[in-house]
Structure formats: C-alpha cells, structure tokens
1. Which of the residues that make up region 465-489 are polar (S, T, N, Q) and either assigned to a loop (DSSP other than H, G, I, E, B) or not assigned by TED's automatic domain parsing to the domain that holds residue 681 (or both)?
2. From (1) out of contact with any strand residue (DSSP E or B) (no Cβ under 6 Å at 6 or more places or on another chain); (2) touching a residue at least 40 places away in the same chain (Cβ under 8 Å); (3) more than 23 Å from residue 362 (Cα to Cα); (4) of a type in the set (D, E, K, R), pick out the condition that doesn't hold for residue 92.
3. Out of everything in region 632-664 that is more than 21 Å from residue 512 (Cα to Cα) and hydrophobic (A, V, I, L, M, F, W, C), what residue ends up being modelled with the lowest pLDDT?
4. For residue 213, only one of the following conditions fails: (1) assigned to a helix (DSSP H, G or I); (2) more than 21 Å from residue 35 (Cα to Cα); (3) not polar (S, T, N, Q). What is its number?
5. For region 448-502, name all the residues that are touching a helix residue (DSSP H, G or I) at 6+ places or on another chain (Cβ under 6 Å) and among the charged types (D, E, K, R).
6. Check whether at least one residue in region 262-282 is crowded, with 18+ Cβ neighbours inside 10 Å, farther than 20 Å from residue 179 by Cβ, at pLDDT 95 or above and among the aliphatic types (A, V, I, L, M), and report yes or no.
7. If a residue counts only when it is touching a Phe, Trp or Tyr at 6+ places or on another chain (Cβ under 9 Å) and under 21 Å from residue 15 (Cα atoms), which helices (runs of 4 or more DSSP H) contained entirely in region 273-382 have at least 2 such residues?
8. Would you confirm, using the coordinates I've provided, whether residue 231 is at pLDDT 95 or above, within 28 Å of residue 136 (Cβ to Cβ) and part of a loop (DSSP other than H, G, I, E, B)?
Amino acid sequence: MSTSAPWTLIPSTYPALAQPGRIGSLMLPHRILMGSMHLGVEGDSAQEKRLHSFYAERVQGGAALIITGGAAVSPEGGGDHWFCLTQPDHQRQLARLAEHLHALGGKVALQLFHAGRYAFADEIGATPWAPSAIASKFTRETPRAMTRADIRATVEAFAAAARFARAAGFAAVEVMGSEGYLLNQFLSPLTNQRQDEYGGSLENRMRLSLEVVAAIRDATGPDFPLLFRMSGADCMPGSTSWEETVVFAQRLEQAGVDALNIGIGWHESLVPTVAAVVPRGGFAPVVAGIKAAVRIPVIGANRINTPEVADRLIALGWLDFVAPARPWLADAAFARKALQGDRAGLNVCIACNQSCLDHVMDRPPRPASCLANPRAGQEYDWPLAPARSSRRVAVVGGGPAGLEAARTAAQRGHAVTLFEAMPVLGGQLRLAAQVAGKEEFWETLRYYQHELARLGVEVRLNTRASVQDLRAFDAVLLATGVAPALPDLPGVHLPHVVSYSDLLSGRVAAGRRVAILGAGGIGCDVALYLAKGSHPPASVQAFLAHHRLAPGWSATTGTAAGAGASPAAAANGAGSPAATTAQGMPRTITLLARSQRIAATVGRTTRWVVRSELHELGIQTLTHFQAKAVVDEGILGTVHGEERLIPADQVVICTGQVPRRELWEELADHPWLRVIGGARETRGLNAARAIREGFEAAYEL
C-alpha cells in the first residue's frame, strides 16, 4: 500500500473529515486518527505477531495517524503487559512494529506513559510513585511521594523515550498527561500537596509537564511532532479548575507542543466518560473551549464514534482532528469506510466496554477485543480468507449468535440461509436496544442487516426451521437462543406477572407499581427501561422548560408538578426527591436482589454507572430478598428472616434464562452441527459471548 492513500481520491460524504491536516511537521491526508488504547498483550514477545496484525489492519483501514497504547518510560510507571521503554527487548519489539507499519504506509506515534499512583505495587514490584503520598481509590494503595531525584529521573526517562521513538522510526510521540496518570497528578491540587517548587501554585504544579516537554524538545529537536494528551476536565471535585486548564493548554503551546489531545476524567471519577450513557460528542464543548484558547491543533476523542458526529464537530470548528480508539476495535476500516461514504457498512462502537475495557482492566489483564467485532485483537489467528470449499449452511435463529454466524459464514464464501421464527431479526439484541443508554445496539443490528444483504444471505423470517429442512444443508448452526426462566414460585402464573421479554418487546404495557425479581444485568436493564421511559426525552424537557409549560405529574412522587414553583422549575423536576429533572408518568420501581449485590453480573467498568443511575432515578433496591410467593397485592418474601410484602401491580421476572433446544436432539446425528450462544449454555451469557461463539463456529466451516 502506498503512502498516498486511495480513499482520499474518492468523493466523500464527510468533507470536513476528508481535509488534509498538519500536526507540526507531520502532514496527514485527512482528520481521522486512531487514539491510544491498551490491548493487554504489549510486551509479550509471544503476542508480537498479533500486535503487528492488529495495527496493520488499522493502517490499511485508513488511519491518518495511529497512536499506540501507552509505553511506560520507566519500570515504576508501567504494569502487567505494558511496554517498558527501559527494557531492550521491548524496545526491539516496538522498533519492529514501527518498521512493519511504516512499510505499509502507516504513520505511528508512540505514547509515552507514566502511571504514577495508578500503578499497582504487585505489578511493578515496588511502591508506586506520586507527587504526594495520597491513597488511590482506583488501586486501593498509597503511593510514596517522589523526591527531587525521582522527578529528575522521570524527566530524563521521558526524554530518553522520545529519543528512542525518533530513532526507531515512529512519526511522532504523544505524552500522556491526562486520565489521572502521573503528569495529571502533578497538575491537580487533589493529588499534589507538595511544599516545594513542584507543588502549591499553578506555576509549580505545571512545572513537571513543562520540563518533560522541554526535555523532549532538547532530545528530538524542534521538527519532531510532539502531541500532549492533557485533561480537559478531571471530573473530580476540587481538582484543576477550568481557568487553570486553559492556562495550562496555552503554556504547553508556548513550550513547543504541536497538538493537544483532550482527555476527560479520571479512573476515580464518578462521572461516566466513555460509557454509552454519555451522548455522542458529549464532551466536545470542553474540547472547543480549549481550541478557542490556543492556535495549535486540538484533538477530540471521547464518544465520537460515527463519522457524521466527527465531521460536524470539525466543520463547526470545535476541534481539528478526531482520535477515537474503541471505534477502531469495532471496525478496522473506520476511516476508509467514512471517507468512501460507506456509512451503512460501518460497524459502530456501542461503548459497552464488555470486551475491551473490562478485559484490559482485569488483573491480570485479558487481551482486548470487541463485542461487535470478535475478531478484533485476534486478526493474526483469524485471517480474512475464504474457506477451502463452499458449503450450504443453515443458521437457525436471528439473535446475536445467529447473526454473526451467518455474516461470518457468508463472508468466507458459504451459501447461507438464516431461519428466524419472528418477523424481525435481533433476538436479545433487539430487547437490549430498547433500554435507554443502550440505544447504540441499534447500530449493531443495522450493521448485521446491511451485511447479510450485501453478502447474499437468504433470510427467512416468520419461519420455524424443521428437521427435514435442515437435513438438506451441509452444515447447521443452531442459535435458537433463550427463553426467560420462570422460578418455582406460587402465584408466578398470575396475570400481573410478566417476563422481561414481554415487557421489553412491548407485548405488555408497564405498570405503575413495578417489582422486578432479579437484580442482575437484565433486572437492572428493566429497571432503567421503566425509569427512563417514565420521563420525556431531554429535547422535550428543554422545549417545555423554554416555553414554561409544566407536565401534570412528577414521575417519582405521583404528585402534581408546579405547585409552589415556577412552571420552568416544575418542568425541570423541582421538588422531586430523586436526582432527576424529568416529569412524566408516575411510577414506583423496586428492584429485588436475592444476594447482597445489585448488578453483580454487569462488567466492572460500567457496574458503578448502572448503580449510580439506579440511585439517581429513585429506583428502590432491596437485597437479601428471598421470594416466597406472588400474590394479588405484589410479591411476598423474607429479608434476613423477616417477612416482607412488596406492593406491586406488576411483577417482572428476571431470574435467568433457559436454552431453547427444540432441534438439538433431533439433529444430533447431523454430520456437521454446532450449537452456539444461549442455546448451548445460558450461564455467563451476554451478547459478547454469543457473538464470539457465532464467529468461531462459522470460521470452523
């Protein structure tokens, strides 16, 4: 592939994105970069080919500049499965990576990283370093305060790392100074309580970052592109102020930084920054505020997951480049598809975190992948190649496992027929998309429908495949999914008892006093669906507030809104005991957990977001609830041996799932049969596992 990328010659529906741009001496063909993300395989020589293949496909997918996952400038700043730039073997691996991607026409920046107090002692083999000895809620450890000698060594380590990057063939470096890592820790008065020249005033708290920039400039010269990832908003009460943030951006520009890449939030922050509850482009105003204060290019990233959002933000002058990270996991051709106008063929990141952040934040880390693209991170193991011979393949079930199985099988050259008993595709994926905050799942469903049509898959809706039908195929993949499990409970068949699928599919209407039995992922989804569905959308709220029109009811109290308050205040939820600004349908929701934990099955990086939303929306939660019977008045149970009646006019059952295996035994003698997704096993089932099983089974063909 030449360095003059062919997609820049094709008329684009996103003209702002298609404009060439410059970062220092680096000319870029368009405005779509690939942001830094840790993949959980760095530094492992056995994984080197996987790393090469992963990045190579993103070069071929059109990234104007790829920023690598952070490489620690010194051992105390890294961790398990991180590159460390003081290790000769890691340097050799990185040099080979730069050489490989440069040969493909790619431009790659090496991110220079130091975790500071976010390092784990058992991973680095020592007490982590920090500006001050202040405990971290993220690691649950207390670091030691850095000495002046430590600070000098750190500055020298950043300079040496940048010198290595230039010599190894990287096109640029990015300094990590955001997300609560070391340089960000020095800037923040929350974590920097030093009494020397590195603490106290803003001038002193900026000092380390500015010394790092100066040292890198001395080490690499003025013409080597230097990006600085700075925090636009720490989302930590009492941390760096907005006024200080603007001054810091200006001082970085004066120090010789070529571009500012704006990060948002810390790992300890209670503000969601990358989850799907953050609106698309939700932090763009922060980026725009910094751009207004400097003359160098400014880059935005958080929740910019589609080309139309990115293009509009650039066209409006809010930012100069976009550097999404996870969208490149979902689709390795993110830029190429955008610039060729293939929006329909784009596999969009849904910000679920299930296979990316939840993996790499584990201890030990697991390799990053993607719910919507299970091949991500394993491109070397699953090359894009046609099957040895074409087969007639039947896929039974159009849920996530079946959709991915049909797509992958057809992509590899098989003749695929997909049978779906319902009039629409999607299965559990379609139910999940009904939940406020999970609307991005519609993008995944849209992508599958587009791909099946493009690949020529025959889709038979409203069709229950018979054994006779399936015996005519060379291979059968059973993805018949799951059904809600009904507990062995007296009264479970009373008319006011419904399953989660009945409710989310719209087959039954929601009640006013709802008890949800089961507080795992599905139970929490139902609670959020009901609570958020009780409120008008934000655009409606804004319209009503602007025109001083108050709806008649408070969603959480059932009392008339507006009494004793202005209409605008009433429209914004004044007087409501819950932390919600909406008015709407009066509804009480009680979430009942058998164990002591709410949302225990939700991934670790989003579990806290779910719990916060439940609290803010006024949803009542009750743990240690042992259900005894459903009665006309609600649901009976005990809590620590004490009998309780939970009043409800509707009881929603979210106590698990059972596999649909109607065809399994009858087809057991078929020469090529695979059972995938929930039909195989419901324990630990989620969309990521179902899609991965669909992919792997189809790849076996």
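The values are calculated or read from the model by the stated rules, or taken from the named source; none is laboratory data. Just so it is clear, the structure is predicted and the values come from calculations on it, not from any experiment. Using ideal geometry, Cβ is built from the backbone for each residue, glycine included, and neighbour counts are taken over all protein chains shown.
1. Keep residues of region 465-489 that are polar (S, T, N, Q), which gives 466, 468, 480.
If the condition is that a residue be polar (S, T, N, Q) and either assigned to a loop (DSSP other than H, G, I, E, B) or not assigned by TED's automatic domain parsing to the domain that holds residue 681 (or both), then 466, 480 are the ones that fit.
2. It fails just one condition, (2).
3. Ranking the qualifying residues of region 632-664, first place goes to 664.
4. So the condition that residue 213 fails would be (2).
5. Correct list: 451 only.
6. No: region 262-282 contains no residue that is crowded, with 18+ Cβ neighbours inside 10 Å, farther than 20 Å from residue 179 by Cβ, at pLDDT 95 or above and among the aliphatic types (A, V, I, L, M).
7. Values: elements: 284-291, 307-315, 326-330, 334-339, 357-360.
In region 273-382, the matching helices (runs of 4 or more DSSP H) lie at 284-291, 307-315, 326-330, 334-339.
8. In short, no.
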